[in-house]
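Engineer: Have a look at this one before I ask anything.
The values are calculated or read from the model by the stated rules, or taken from the named source; none is laboratory data. The structure displayed is predicted, hence computed values, not measured ones. Cβ placement follows ideal geometry from the backbone for every residue including glycine, while neighbour counts extend to all protein chains displayed. Side chains are part of the model used for accessible areas, which takes the heavy atoms of the whole protein and leaves out ligands, DNA and RNA. Shrake-Rupley method; radii C 1.70, N 1.55, O 1.52, S 1.80 Å.
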Amino acid sequence: MDLTMFVQRCDCGAEHLLEVLHVAGVEMQLTAAVSFLTILQEESVSIHTYAHSFLQVILLHLEHRDTGVSNAWLETLLIKREILPLVKSLCQDVEYEVRSCMCRQLENIAQGVGTELTKSVVLPELIELSRDEGSSVRLAAFETLVNLLDIFDTDDRSQTILPLVKSFCEKSFKADESILISLSFHLGKLCHGLYGIFTPDQHLRFLEFYKKLCTLGLQEENGHNENQIPPQILEQEKKYISVRKNCAYNFPAMTVFVDPKNFHMELYSTFFCLCHDPEVPVRYTIAICFYEVSKLLNSGVYLIHKELITLLQDESLEVLDALIDHLPEILELMSTGGESSVQENKLSSLPDLIPALTAAEQRAAASLKWRTHEKLLQKYACLPQIISSDQIYYRFLQRMFAIMMTNNVLPVQKAASRTLCVFLRYNRKQEQRHEVIQKLIEQLGQGKSYWNRLRFLDTCEFIIEIFSKSFFCKYFFLPAIELTHDPVANVRMKLCYLLPKVKSTLKIPADKLLLQQLEMCVRKLLCQEKDKDVLAIVKRTVLELDRMEMSMDAFQKKFYEKDLLDQEKEREELLLLEMEQLEKEKQQNDGKPMSDKTFEKKRRDTKTPTTLPKSIPISVPGPSSGTPSTSKEIKKSKLIRSQSFNNQAFHAKYGNLDKCASSKSSAATYTPPVSAKTSMISLTDDSFRTRNANNAPTSFSPNIPLPSTSRGTGNSADPKSSGSKDAQPRKATL
């Protein structure tokens, strides 16, 4: 107890402790609290000296972020009630600053001494302080009362607190503007705490008081230049802006106060004013609260459709950034709520939504705030659930592709790429899907700029994440691995990182040929790669590929969840074609397109159940000739592969072209084994059968041309022209 003795011996110990405890850790804080408690229990000093010397230290640490420390300090107030007389003495100090400081500590003291002492001792002091001649003291008393509302019972609230609050609000306009700022900030909490106590007349008065604060200062604007306005007037206007900002912050609480059913009659005009406020901080705050208000209105959310458009078109990107944090949830409420539950035409009540969304994106793209642009593009991924497939295709999808091709900010390009993949995933017209796939392969995968080819690999990664394995294998597998011949080292390096994910899309035995082509590309990299950084990554990738276990067409327990998810994706992709065919038939019959509601119902009906009997195999249609290999074949495969890898990949340096040619010859005579992990067959194997048109998903047309490239051995060096973003295109037929 060295600390205890130090405090006992030195009158100024508390001052030193205050400096030390301000930066002390948890252990030091706990030790100090125990020491203070020991002094109090042993009555080493008088209660007056104890309170005078240590009360400030105790109160300052009651709100410590560590709960254990806070409780330890709280214990020092629960042993001796003699401390309360000193508290009362400080509340009546002749200096208004002391009274104000002590008043702000009454909340912590009330939590420490309990409800009974709070009602009998603390509350009378607060009532007296609320009538103090000093405005700062009255303000501190008001804020403390609001924070302690939960402690008082209904009688105390209705008979004591409500009259004080009413008087305080009535006098606030005649007082300093700082009081209005505090009052506007606590008004929502105040109305919530006193809810159920107001008479109808009092309820109406508080509501009118809130409305008046929401427009405070707007009536006095005269359009003068700021340079012509006196400084004191400018300072006053800044305080008025803070008041309106606080009112916007409390708007959800006031919506509850009036009941959402009465929103249109009671608060809509106020909400309109806040959304059109001339000051950005006010509009920014109401944009943050927009989602909460939408949830509260529920079926009445249609009332604020126009305000959503207004905030989307706001000239300030700060307002837009605040709004788009919950944009998907807001748009979902807008599309499912409203007067009608029918979703035949989702945009019938929001005719200006698409122009507002496109204008918002263009405004963000033209600014220097790329993070806002990135976030907005990410949020646009919700649009397939909100608007029709054709509207997305003509108004948004092409824009995403343009951003991928022209924008210079990598996170923005990736956000556009992923959102484009989501648009493609839910596109309901096969012709449009094929067009987008063709553009991705030709303009990105085979583009002149190596930067575009890098973005193509990013897109492939998103395709693997969002689509089924069969979709990627059918359209993007060959164009992706063809980039092993790319003349730019960075492209080859990025592809190497992607190869494990590419291999994970294959299923054995249906994809034996694709697996063989992947292995051939990897061996070619091992033989011909001259860039040391790329070669090092290739070696690591080969080891990772060799350790990977392949998915089988038949059910495997270890891949149960992944196979189930992939099966669900493939079923939905098949459903797209089915829905398109049904829609064409319906248009021929009555000329009306299929509704999104019907499509969603059909999609739900075809979903895979969450649990399936383990006795039922989960399989994907494919050739039946392939069978799992035996354990001996697996071991033999690994042995042969290890020998080939040691002879080729880990050779220190290729001494000359003869050695490289020798390696090529060795690779050419290599006979890949058939195994569960690295299942391969010879190119001349007559029993091999690829995915045919019958086994492929019907939603993917086998007639679409899939451009692929053949670049020979041009990757032995990086030509200067290939290293720029304007390298020559490479088109050929694989």
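Engineer: Name the single residue, out of those in region 17-56 being surrounded by 16 or more Cβ atoms within 10 Å (Cβ to Cβ), of a type in the set (A, V, I, L, M) and within 24 Å of PRO85 (Cβ to Cβ), that is modelled with the lowest pLDDT.
Structural biologist: LEU17
Engineer: Assuming ASP277 fulfils every condition listed in (1) farther than 26 Å from LEU164 by Cβ; (2) in a helix (DSSP H, G or I); (3) of a type in the set (D, E, K, R) apart from one, which condition is it?
Structural biologist: The failed condition is (2).
Engineer: Restricting attention to region 289-318, and to residues there that are among the aromatic types (Phe, Trp, Tyr) and open to solvent by 20 Å² or more (accessible area, probe 1.4 Å), which single residue is farthest from ALA365 (Cα to Cα)?
Structural biologist: In the first step, residues of region 289-318 are kept if they are among the aromatic types (Phe, Trp, Tyr); the result is 290-291, 302.
Still in the running and open to solvent by 20 Å² or more (accessible area, probe 1.4 Å): 291, 302.
Working: TYR291: 24, TYR302: 29 Å.
Once the filter is applied, the top-ranked residue is TYR302.
Engineer: Given the criterion in contact with a His (Cβ under 9 Å, 6 or more places away or on another chain), surrounded by 19 or more Cβ atoms within 10 Å (Cβ to Cβ), modelled with pLDDT of 90 or more and not acidic (Asp, Glu), identify the matching residue among ALA381, ALA360, ALA364. Lay out the reasoning, then the answer.
Structural biologist: Values: ALA381 fails: in contact with a His (Cβ under 9 Å, 6 or more places away or on another chain); ALA360 fails: in contact with a His (Cβ under 9 Å, 6 or more places away or on another chain).
Every option except ALA364 fails the conditions.
Engineer: Related question: Could you give every pair whose Cβ atoms fall below 8 Å, whose first residue belongs to region 563-583 and is over 18 Å from VAL422 (Cβ atoms), and whose second residue is part of a helix (DSSP H, G or I), counting only separations of at least 6 or pairs across chains?
Structural biologist: From residues that are over 18 Å from VAL422 (Cβ atoms), the pairs are LEU577/GLN430; GLU578/LYS602; GLU580/GLN430.
Engineer: Anything in region 232-252 that is farther than 11 Å from LEU213 by Cα and either at pLDDT 95 or above or of a type outside the set (A, V, I, L, M, F, W, C) (or both)? List them, or say none. Walk me through how you get there before you give the answer.
Structural biologist: Kept after step one, since they are farther than 11 Å from LEU213 by Cα, are these residues of region 232-252: 232-239, 249-252.
Residues satisfying the conditions are GLN232, GLU235, GLN236, GLU237, LYS238, LYS239, TYR249, ASN250, PHE251, PRO252.
Engineer: Let me ask something else about it. Taking CYS496 as meeting all but one of (1) open to solvent by less than 10 Å² (accessible area, probe 1.4 Å); (2) closer than 27 Å to LEU565 by Cα; (3) in contact with an Asp or Glu (Cβ under 8 Å, 6 or more places away or on another chain), write down the number of the exception.
Structural biologist: (3)
Engineer: While we're here: Among the listed residues GLU128, GLU116, which satisfies the condition of being without any contact (Cβ under 8 Å) to a residue 60 or more places away in the chain, in contact with a Cys (Cβ under 8 Å, 6 or more places away or on another chain), over 21 Å from LYS189 (Cα atoms) and open to solvent by 10 Å² or more (accessible area, probe 1.4 Å)? Explain how you work it out, then say what you get.
Structural biologist: Values: GLU116 fails: in contact with a Cys (Cβ under 8 Å, 6 or more places away or on another chain).
Sole residue among the options that is without any contact (Cβ under 8 Å) to a residue 60 or more places away in the chain, in contact with a Cys (Cβ under 8 Å, 6 or more places away or on another chain), over 21 Å from LYS189 (Cα atoms) and open to solvent by 10 Å² or more (accessible area, probe 1.4 Å): GLU128.
Engineer: Given the conditions (1) in contact with a helix residue (DSSP H, G or I) (Cβ under 7 Å, 6 or more places away or on another chain); (2) closer than 18 Å to ARG371 by Cα; (3) open to solvent by 20 Å² or more (accessible area, probe 1.4 Å), which single one is not true for ASP325?
Structural biologist: For ASP325, the exception is condition (1).
Engineer: Within region 433-442, take every residue that is in contact with a Phe, Trp or Tyr (Cβ under 8 Å, 6 or more places away or on another chain) and touching a residue at least 40 places away in the same chain (Cβ under 8 Å) and give me the one that is nearest to LEU483 (Cα to Cα).
Structural biologist: Among those residues, the one meeting the criterion is ILE441.
Engineer: Let me ask you something else. In region 63-101, what residues are touching a Gly at 6+ places or on another chain (Cβ under 7 Å) and at pLDDT below 80?
Structural biologist: Result: LEU74, LEU77, LEU78.
Engineer: Please enumerate the residues belonging to region 341-355 that are crowded, with 17+ Cβ neighbours inside 10 Å and either at pLDDT 90 or above or in contact with a His (Cβ under 9 Å, 6 or more places away or on another chain) (or both). Step through it out loud before you land on a result.
Structural biologist: Looking only at region 341-355, we keep the residues that are crowded, with 17+ Cβ neighbours inside 10 Å, and these are 346, 350, 353-354.
Scanning region 341-355 gives LEU350, LEU353, ILE354.
Engineer: Kindly establish whether CYS527 is over 21 Å from GLN438 (Cβ atoms), in a helix (DSSP H, G or I), of a type outside the set (Gly, Ala, Ser) and in contact (Cβ under 8 Å) with a residue 40 or more places away in the chain. Full working, then the answer.
Structural biologist: On the way: over 21 Å from GLN438 (Cβ atoms): yes; in a helix (DSSP H, G or I): yes; of a type outside the set (Gly, Ala, Ser): yes; in contact (Cβ under 8 Å) with a residue 40 or more places away in the chain: yes.
In short, yes.
Engineer: So, one more: Pairs needed: first member in region 407-432, within 21 Å of LYS369 (Cα to Cα) and surrounded by fewer than 19 Cβ atoms within 10 Å (Cβ to Cβ); second member anywhere, among the basic types (Lys, Arg) and at pLDDT 95 or above; C-beta distance under 7 Å; at least 6 residues apart or different chains.
Structural biologist: none
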